[in-house]
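No value in this document is a laboratory result; all are computed from the given coordinates. Small disclaimer: the values here were computed from a predicted structure and weren't measured. A quick note on method: Cβ atoms are made from the backbone with ideal geometry, for glycine too, and the neighbour counts reach across all protein chains shown.
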Amino acid sequence: MDAHQQINSNFYTLDISGMTCASCVGRVEKALAKNPDIEAATVNLATEQARIRVKPGSSLGAEDLIAFIQKTGYGAKESSLRGNDAPAASTLFWGADGLGRVCLSFALAALLVLPMILMPLGIHWSLPPVWQLALATPVQFIFGWRFYKAGYQSLMAGAGNMDLLVAIGTSAAYGLSLYLMLNSPSDLHQELYFEGAAIIICMVLLGKWLEARAKRQTSTAIRALQKLWPENAKVLNPDLVMSDDLPLDQYRTLRLEQILPRDRVLVLPGERIPVDGVIIMGSSHIDESLITGESNPVKKGLESQVIGGALNGEGVLIVEAQAIGVESVLAQIIALVDSAQTQKAPIQKMVDQVSAVFVPTVFMIAIITAIANWYFVDSGTIAILRAVSVLVIACPCALGLATPAAIMAGTGIAARFGILIKDPQVLELAHRLDVVAFDKTGTLTQGKPRMLDLMPLVEVGTNTNQILASAAGLQLGSEHPLAKALLDAAKESKVNPIACKDSKALPGIGIAGTLTAGDYQGERLSLQSVTSLEHHPQYADLLNLAQAGFDQGQTISVLLKADASGKENSTPIALIAFGDELKPQAKLAIASLHQMHIRTVMLTGDNESAAARVGSSLGIDEVFAQIMPGNKAEIIQKLQHSNNGKQHHWVAMVGDGINDAPALAMADVGMAMSTGTDVAMQAAGITLMRGDPLLVADTIDISKKTWGKIQQNLFWAFAFNAIGIPLAAFGYLSPMLAGSAMALSSFCVLSNALLLKRWRPRNIH
C-alpha cells in the first residue's frame, strides 16, 4: 500500500470540562496551536470536545494531550465514541428477538402439536405425558425465560405489561397440565395442555421477531442516510499550492472523524463527498437525491456548496471542508429524523394512559372469567383455560406499536423525499390545515433578485456609475438578497463599490452608511424601500415614478442623501429596480394546495400593486402587502382566528428568512426552506430540504397518510381486544388460537404502518 493511502491513527477526540464560553474555546485552541507536534485542532463548546490531529511521526499521545490541556486550566479525558455499526448477524439470529430462538422453539413445539394435526386424518396418536413435559419445559423456561424476567421487572416497578400476561397465562396452562399428569400418572392418553403453553410462547416469540424485523425496516431511512458517509477521505497535503497542474497523488487517506475544518479533500468521480464544504477546484454534477430528494444531479462549480454524503458525478473535485461530524447537514438530518421517530405524538400519551390501566383490567377480567366458568360450567380445567386465553389475547403490544410504527414509517419515507418532520405533533396538526401562508422572497421566488434598472433622478446630475458604486458600497458585507444583487451588478459593470463607515441596518426598511470616497464622500446615504418613505415630502412623486416597476412585480428601492434637518428632508438620488423570478414550480404548488381545498395566502413587504401582480399570476387567494417583518406573526394569528375569533383555522407558514421565524413559530405548522437561515429552520416543525414549494403539498399529503395509518392501527389494536377478549372468556378461542391472534394483531399493525413506504410525492419532480 502506498504511503499516501495509509490510515492516519494519530487523531484524538477529548472531552473537555470547565469551558463556559467562546473565550474558553479560543484559549484551548490557542494553546494547542502553539504545540509544534500538533498539526490541527478544533474545539467545540456545544459538544465540549476537542478534536486533535498530531503530526505523523510525533510521539505525542492521548495522555500527553490531556496533561497539556489540564495545564490551561480545563479538565480533559479521552472520549469514548459510540460506533453506529450494525449488530452482528449472530446476535440478530440468536438474540432475544432472534429467528434462531423462534425456529428452535417451533421445532420442539411441533412434536406436541403433531397429534392434533394427525387427528383429522383418522390417526389417533399422542406422545406419552413424560415426553410432552420434556418437550414443553425448555420452550417454557428457556425460550420463554425473557417473559418471566421482563414480567418480574414490570411487577417490581408496580406496572404490568405484555410479558407479565404471557408469563402468567402460559404458566397457568403449563402448571395445570403438570398437575393433571402428576395426579393421574398411569393415564397415558389423558388430555394435557402442554402444547397450548408451548405454542403460545412460540407465537409470541414469532410476533416479537416480526416486530423487530419491521422496526428495522421502519428505520431504513436513518440507516440509508448513515451509509452515505464514506469511511475515509483523501486529504491533500497542506503545503500544496493550488494550481491547474496540482498533483492529485499527494494526499493522505484519513478516517472521516479525523477531518477538520479547512482541510482540502480530494473527491474522485463516482465517490461520495465526505464533508460539507465549498468547491475550490473542479466542477461536476452532484447527486444529492438521498439528502434533498432532488431526483436530478445538480451542476456544481467553483465556490459551490456541497453536502457530505452526496455522490460525485464525472468530475474531479477539491473541496475545502467547512462542517464535519455533528455539525454537518447529514448529521443534523439524521438527528432530526431520529428525534422525530423517538418522540411521542400527543395521541400516544392517550394510548399510554389506556395501557396503564389495561393490564390490571385484563387481570380482573381473567379472574372473573375463571370464577364465572367454574361456577356455571362446573369445570376447573375449562375455567383456567379460558382465563389463560383472556390473558394471552389481551396483550397490549399492538396498542403500543400503533402510533410509533406509523410515525417511524411516515417520517422515514418523508425524509427520503426531502421532508424533515422534526416534531411528531406536526403529524396531528398538518392533516387539519386549511390555510397555508407563504413568504414571497426565497419561498415563491428564486430568492436571487438581480438589478434591472438604475434611474438617476432628473435634478441630480451624478454619473450613473458613481451612484451604483455608492449604493453597492452600502451593501458591502451584507447577506441580504438585494445586497448581493447590487454587488453583482457592480461587478458586471466593472464598478468598484465605495466603502462606507458607520454602516447600520434599518430593520424592515433598508441600510444606511457614510461614504468614504467618490462624489458623496462624507455624506450619509441610505437605501430604503419606497413604502418606508410615506412621510417624505416627495413620496407621491417617488411613488408615481416607481409605479411602472410595481406593475411588473418589481421591487423598487430609493437611494437618498441625508439632510441635517431630518430624514423627511433627505434628497432622493436614484430609484433602483430589482426583479426576482418566480420559481417554476410555484404556480403548480398553489394549484396542488387548491386541489386539497386549502386556501393560500402570501405575505410580503412589497408595494400592493407589485404583490397583487405576483399573487394574481400564481392564483393565490389572498395577498398581504407592505408587511413589516415584525407584523407577519400578527397576520398568522389573525388568519387563525377569523370572524372576530369565532372561527378557527389551522394555518401553516412557509418561509426561509430570519424575519419569518416569529411567524413560523406562531403558525400551527411551520415549514422552513433549508435554502434559508438556520434560525428559520429552528423555529419550524418541518424543514423542506430543497427550495421547492411543491414540497408543501407533499408534506401535507404524507402527514395525512401517516395520521390515517395511526388511526387505522389504533382501531385494529382496540378491535382485536374488544372482539377477542369476549370470545376467549366464553370459550370460543383456545389458548393456542389466542396466542396466534395476539401475534397476528401486532403483525397487522406493523404491516399496515409499513405500507407508508410505498408513498410517493403527488407531483414527481
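In plain terms, the chain from residue 594 to residue 55 could stretch by 187.9 nm, reckoned as 0.36 nm per residue minus the Cα-Cα distance. Annotation: amide H of residue 304 within the under-5 Å range of 279, sequence separation 5 or more or interchain, hydrogens built in the peptide plane.
Full extension of the segment from residue 463 to residue 77, taken as 0.36 nm per residue of separation minus the current Cα-Cα distance, would add 132.5 nm.
Across region 272-285, coupling constants 3J(HN,Hα) worked out from phi with the 6.51/-1.76/1.60 Karplus curve, θ = phi - 60°, read 8, 6, x, 9, 6, x, 10, 6, 10, 7, x, 8, 5, 9 Hz, and Gly and Pro carry x. Compared with the alpha-carbon gap, the fully stretched path from residue 271 to residue 621 is longer by 121.4 nm at 0.36 nm per residue.
Both the radius of gyration and Dmax for region 450-579 are 13.3, 37 Å, in that order, over alpha-carbon atoms. Taking all Cα pairs closer than 8 Å and separated by 6 or more residues, the relative contact order of region 409-545 comes to 15 percent.
Under the simplified labelling scheme, the residue 141-residue 103 pair shows an inter-label distance of 2.7 nm, with each label point 7 Å from Cα along Cα→Cβ.
For region 707-724, 3J(HN,Hα) computed residue by residue from phi via the Karplus equation (6.51, -1.76, 1.60; θ = phi - 60°) reads 4, x, 5, 4, 5, 4, 4, 5, 4, 5, 5, 5, 5, 4, 6, 4, 8, x Hz, glycine and proline entered as x. Across region 481-497, computed HN-Hα scalar couplings (Karplus, 6.51 cos²θ - 1.76 cosθ + 1.60, θ = phi - 60°) run x, 5, 5, 5, 4, 5, 5, 5, 5, 5, 5, 5, 8, 6, 10, 8, x Hz from first to last residue, x flagging Gly and Pro. Projected onto the charge dipole of region 450-579 (+1 at Lys/Arg Cβ, -1 at Asp/Glu Cβ, origin at the Cα centre), which of 536, 490, 574 gives the Cα projection farthest towards the positive end? Comparing the listed Cα positions along the dipole, 490 ranks first.
Rounded to the nearest 20 debye, the dipole size of region 450-579 about its Cα centre is 400 debye, using +1 on the Cβ of Lys and Arg and -1 on the Cβ of Asp and Glu. For the peptides 423-431, 194-202, 467-475, the ranking by packing is 194-202, 467-475, 423-431, with the highest mean count of neighbouring Cβ atoms within 10 Å listed first. The H on the amide N of residue 76, modeled in the peptide plane, is under 5 Å from the matching H of 17, each at least 5 residues off or on a different chain.
Think of region 422-551 as a dipole: +1 on every Lys or Arg Cβ, -1 on every Asp or Glu Cβ, centred on the Cα centre; then among 516, 433, 466, 516 lies furthest on the positive end. Here's the list of lysines a cross-link from residue 632 could span, going by alpha-carbon distance under 16 Å and ignoring same-chain residues fewer than 8 apart: 440.
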